[in-house]
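The values are calculated or read from the model by the stated rules, or taken from the named source; none is laboratory data. Just so we're clear, the structure is a prediction, and the values are computed from it rather than from any experiment. As a convention, Cβ positions derive from the backbone with ideal geometry for all residues, glycine included, and neighbour counts pool all protein chains shown. The accessibility values were calculated without ligands, DNA or RNA, using every heavy atom of the protein model including side chains. Shrake-Rupley method; radii C 1.70, N 1.55, O 1.52, S 1.80 Å.
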Amino acid sequence: MGSLFYSLLDQSREFLHVAEAPVPSVGEYLKNEIHQRVAGWPEAEEAKKLKLAILNNFFNVECCVSGTHSMDLVALGPFGEYTVLPGLDCTVPGGYQGVTNCLVASLPQDVMVFNKPVKTIHWNGSFPEAGETFPVLVECEDGGCFPAHHVVVTVPLGFLKERLDTFFEPPLPLEKAEVVRKMGFGTNNKIYLEFEEPFWEPGCQHIQLVWEDTSPLEDVAPAPQDTWVKKLVGFWVLPAFGSAHVLCGFIAGLESEFMETLSDEEVLLSLTRLLRRVTGDPQLPAPKSVLRTRWHSAPYTRGSYSYVAVGTTGGDIDLLAEPLPADTEKAQLQVLFAGEATHRTFYSTTHGALLSGWREADRLIALRDPQKIIQHLEGQGLQNVIFTNCVKDKNIKQVIPAVTELVRSSYRYHRGENVELCIMVIGVPNVGKSSLINSLRRQHLRKGKATRVGGEPGVTRAVMSRIQVCERPLMFLLDTPGVLAPRIESVETGLKLALCGTVRDHLVGEETLADYLLYTLNRHQLFGYVQHYGLGGACDDVGSVLKHVAVRLGKTQKVKVLTGTGNVNVIQPNYTAAAHDFLRAFRSGLLGPVMLDRDVLQSAPP
Ligand SMILES: Cc1cc2nc3c(=O)[nH]c(=O)nc-3n(C[C@H](O)[C@H](O)[C@H](O)COP(=O)(O)OP(=O)(O)OC[C@H]3O[C@@H](n4cnc5c(N)ncnc54)[C@H](O)[C@@H]3O)c2cc1C
């Protein structure tokens, strides 16, 4: 039954790229598939019922894994986006605290504050403190306040759902608040039972509980107080710990939440009865003690972990992860979001939580990048740096006043009387010289393109006639073909320049460039490509990645293979076309922001 259930579950992951899933939920899909198969089962009715009862247990296990009351609540379409980490399960020495201890060890002492629940995050404000003004104020339940430039919110989604109306001031934008409401966040609890002596066989690892009167095909919803133990999936035998013999049970959903309302004595009594019934031993000694989690009642959690509920998609997870304010052109980044529920492929896991934290830390670090770049360039004797975005015309208006000032403050030889300014735009090929000129014209003359822009190097082949970019002062620019230093200092610098399009791709080789790009992305943990191309996970084998891209884009070709016994046609991925798409996606920003020179900045003194 296990192989049937898990093969169906695998099938239910195949609707990620389908325009419309056949049914809304994973539960409905699984039940339909099982329903179709039952008719073909050759066994007698009793045996069929038993098989369905076993399948029912697997549904309960999956509810624990997905952290939901019912698989009918879990969306089918996006289900395939969840990624299982390869490798075995592992137990961290010293418990999960071992991981956080490691992280904390790298922080200066006394920067962490514990037991200080936050009441409200005030943002988009102006909060003065010690002569400085901050946009964010974190107000704690005990009245304490922390002004801040940025705050990373990692509270569980369950808590956020409950406090949505009061936790942010001003409230979250409507779209984001709607995602918080719609996304799934259920309960999965562990119940530990300690025994004087083990009653299970030596070597037994797992006790699975099957209720003969249950079936996934019957939609009965009895009140949890009568039947809560039936949702318990079974017990895992924990490795013997000193003289302790411990079983760990898992239970999800509303029954789990009901269990939380009972006293320890009531839980112990119910489980003793249950174990006596399933072992057939009315004298089975009761467990010595019980210890359980109560994630739903915990005020700062309100459940266990998130799932993609019917009516939501992976895009909603990304929306939840988007920082505020949405328009950082107008105001600086203030509220960032991390935590398991913000990771599109690893939601509901510890590694998802960790990676989401690193993602937001990187986002904050990137804010400091311009400063570091300026320092680095100044170290090389360059001054007067302006960061621009010619697509969005960002900071373009600063260019002409700065250039005018530089010219006016310098000696102009025999042209001192001349009021016109004629400026030559110089740079490596494809750096965006023509884009800058066009952007300046848009900003200062409200005119469009005067110079052709090429997505590839070599579009501007000669110094063109002067192009007016401004009336006052009267300024002309001369576009020039790109120039490269005659010697490139290292192969890696050459590859970086090639990735930026300073030489034509085919001169280096699209696949070589794609390989270097993949290496760079993985090295800096920029996994935007995994999502963009719907890969199962990060991968450092360029062949596998390009094969996936080619198949996904339909870039395959028929190749005739001559064999001794006759010719056969085989379909081969077009690796060059896939590499071309990979490079194009990177250059147009579809893989997320990437700074190829990050290592140069990191090695620079702070
Ligand atoms: C039974 C069970 C089994 C699991 N098994 C696994 C597993 O095998 N593998 C795996 O990878 N993951 C597993 N998980 C999931 C994993 O534990 C979570 O996904 C992960 O801990 C989430 O981390 P987080 O930082 O997003 O949230 P949390 O760990 O919940 O941290 C959020 C923190 O915010 C604090 N907080 C909340 N509100 C406030 C406030 N107002 N002010 C200040 N602080 C606040 C909370 O107290 C909490 O400390 C399991 C979870 C459960 C419940």
Checked 124, 115 against criteria (surrounded by fewer than 20 Cβ atoms within 10 Å (Cβ to Cβ), modelled with pLDDT of 90 or more and within 16 Å of the ligand (Cβ to nearest atom)); the one match is 115
Of (1) part of a helix (DSSP H, G or I); (2) of a type in the set (Asp, Glu); (3) closer than 25 Å to residue 235 by Cβ; (4) open to solvent by 50 Å² or more (accessible area, probe 1.4 Å), residue 62 satisfies all except one. Which? (4)
Filter segment 64-88 down to the residues that are modelled with pLDDT of 95 or more, closer than 19 Å to residue 313 by Cβ and within 14 Å of the ligand (Cβ to nearest atom) and list them by number. 66, 67, 68
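Give the number of residues within segment 561-581 that are part of a strand (DSSP E or B) and surrounded by fewer than 18 Cβ atoms within 10 Å (Cβ to Cβ).
10
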Residue count, segment 346-388 (criterion: exposed (fewer than 13 other Cβ atoms within 10 Å of the Cβ) and in contact with a strand residue (DSSP E or B) (Cβ under 9 Å, 6 or more places away or on another chain)): 1
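Go through segment 354-366 and count every residue that is over 9 Å from the mean Cα position of the chain (by Cα) and either among the aromatic types (Phe, Trp, Tyr) or under 14 Å from residue 99 (Cβ atoms) (or both).
Of segment 354-366, the ones over 9 Å from the mean Cα position of the chain (by Cα) are 354, 357-358, 360-366.
Pick out the ones that are also either among the aromatic types (Phe, Trp, Tyr) or under 14 Å from residue 99 (Cβ atoms) (or both) and you get 354, 357-358.
Counting residues in segment 354-366 that are over 9 Å from the mean Cα position of the chain (by Cα) and either among the aromatic types (Phe, Trp, Tyr) or under 14 Å from residue 99 (Cβ atoms) (or both) gives 3.
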How many of the residues in segment 523-533 are at pLDDT below 90, closer than 17 Å to residue 584 by Cβ and not in a helix (DSSP H, G or I)? 1
Members of segment 547-560 that are at pLDDT 85 or above, more than 16 Å from residue 518 (Cβ to Cβ) and open to solvent by less than 60 Å² (accessible area, probe 1.4 Å): 554
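Where in segment 273-386 are there helices (runs of 4 or more DSSP H), lying wholly inside it, with at least 1 residues that are within 16 Å of the ligand (Cβ to nearest atom) and more than 30 Å from residue 72 (Cβ to Cβ)? Step through it out loud before you land on a result.
Numbers: elements: 314-321, 350-367, 369-379.
Because the criterion is at least 1 residues that are within 16 Å of the ligand (Cβ to nearest atom) and more than 30 Å from residue 72 (Cβ to Cβ), the helices (runs of 4 or more DSSP H) in segment 273-386 that meet it are 350-367.
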Out of curiosity, is residue 98 part of a helix (DSSP H, G or I), open to solvent by less than 50 Å² (accessible area, probe 1.4 Å) and either within 11 Å of the ligand (Cβ to nearest atom) or touching a residue at least 40 places away in the same chain (Cβ under 8 Å) (or both)? no
Subset of segment 188-230 [touching a Leu at 6+ places or on another chain (Cβ under 8 Å), assigned to a strand (DSSP E or B) and open to solvent by less than 40 Å² (accessible area, probe 1.4 Å)]: 191, 193, 195, 207
Can you find, within segment 487-546, the residue that is most open to solvent (accessible area, probe 1.4 Å) among those that are over 18 Å from the mean Cα position of the chain (by Cα) and on the phi > 0 side of the Ramachandran plot? 509
Can you run down the residue pairs with Cβ atoms below 9 Å, 6 or more apart or on separate chains, where the first is in segment 353-377 and closer than 20 Å to residue 521 by Cα and among the basic types (Lys, Arg) and the partner is in a helix (DSSP H, G or I) and modelled with pLDDT of 90 or more? 359/321; 359/342
Of the residues in segment 480-512, those that are within 21 Å of residue 597 (Cβ to Cβ) and in contact with a His (Cβ under 8 Å, 6 or more places away or on another chain) number 1
Please enumerate the residues belonging to segment 561-583 that are closer than 25 Å to residue 506 by Cβ and not aromatic (Phe, Trp, Tyr). 571, 572, 573, 574, 576, 577, 578, 579, 580, 581, 583
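When only residues in segment 231-261 that are in a strand (DSSP E or B) and of a type in the set (Val, Ile, Thr) count, which is surrounded by the most Cβ atoms within 10 Å (Cβ to Cβ)?
If we filter segment 231-261 for residues that are in a strand (DSSP E or B), which is where we start, we get 234-237, 241, 244-252.
In the following step, the residues that additionally are of a type in the set (Val, Ile, Thr) were identified as 237, 246, 251.
On the way: 237: 18, 246: 20, 251: 26.
Checked segment 231-261; the qualifying residue surrounded by the most Cβ atoms within 10 Å (Cβ to Cβ) is 251.
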Restricting to segment 423-465, and then to whatever is at pLDDT 60 or above and among the polar types (S, T, N, Q), can you tell me which residue is farthest from residue 586 (Cα to Cα)? 465
Matching option when the condition is among the aliphatic types (A, V, I, L, M) and assigned to a helix (DSSP H, G or I), among 55, 88: 55
Mind checking which residues of segment 466-522 are at pLDDT below 90, of a type outside the set (A, V, I, L, M) and touching a Phe, Trp or Tyr at 6+ places or on another chain (Cβ under 9 Å)? 466, 468, 470
Going through (1) polar (S, T, N, Q); (2) open to solvent by less than 70 Å² (accessible area, probe 1.4 Å); (3) over 18 Å from residue 352 (Cβ atoms) one by one, residue 83 fails only at (3)
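What is the residue count in segment 164-176 for residues that are open to solvent by 60 Å² or more (accessible area, probe 1.4 Å) and either free of Cβ contacts under 8 Å to residues at least 40 places away in the same chain or within 10 Å of the ligand (Cβ to nearest atom) (or both)? Walk me through how you get there before you give the answer.
Residues of segment 164-176 that are open to solvent by 60 Å² or more (accessible area, probe 1.4 Å), as a first pass: 165-166, 169, 171, 174-175.
From what is left, the residues that are either free of Cβ contacts under 8 Å to residues at least 40 places away in the same chain or within 10 Å of the ligand (Cβ to nearest atom) (or both) are 165, 171, 174.
Residues in segment 164-176 being open to solvent by 60 Å² or more (accessible area, probe 1.4 Å) and either free of Cβ contacts under 8 Å to residues at least 40 places away in the same chain or within 10 Å of the ligand (Cβ to nearest atom) (or both): 3 in total.
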Restricting to segment 389-427, count the residues that are open to solvent by less than 50 Å² (accessible area, probe 1.4 Å) and hydrophobic (A, V, I, L, M, F, W, C). 10
For residue 3, indicate whether it is within 30 Å of residue 224 (Cα to Cα), open to solvent by 70 Å² or more (accessible area, probe 1.4 Å), at pLDDT below 95 and polar (S, T, N, Q). yes
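If I ask for residues that are in a loop (DSSP other than H, G, I, E, B), more than 15 Å from the ligand (Cβ to nearest atom) and closer than 27 Å to residue 163 by Cα, which ones from segment 128-143 would you list?
Just the residues of segment 128-143 that are in a loop (DSSP other than H, G, I, E, B), to begin with: 130-131, 135, 141-143.
Checking which are more than 15 Å from the ligand (Cβ to nearest atom) leaves us with 130-131, 135.
Within segment 128-143, just 135 meets the criteria.
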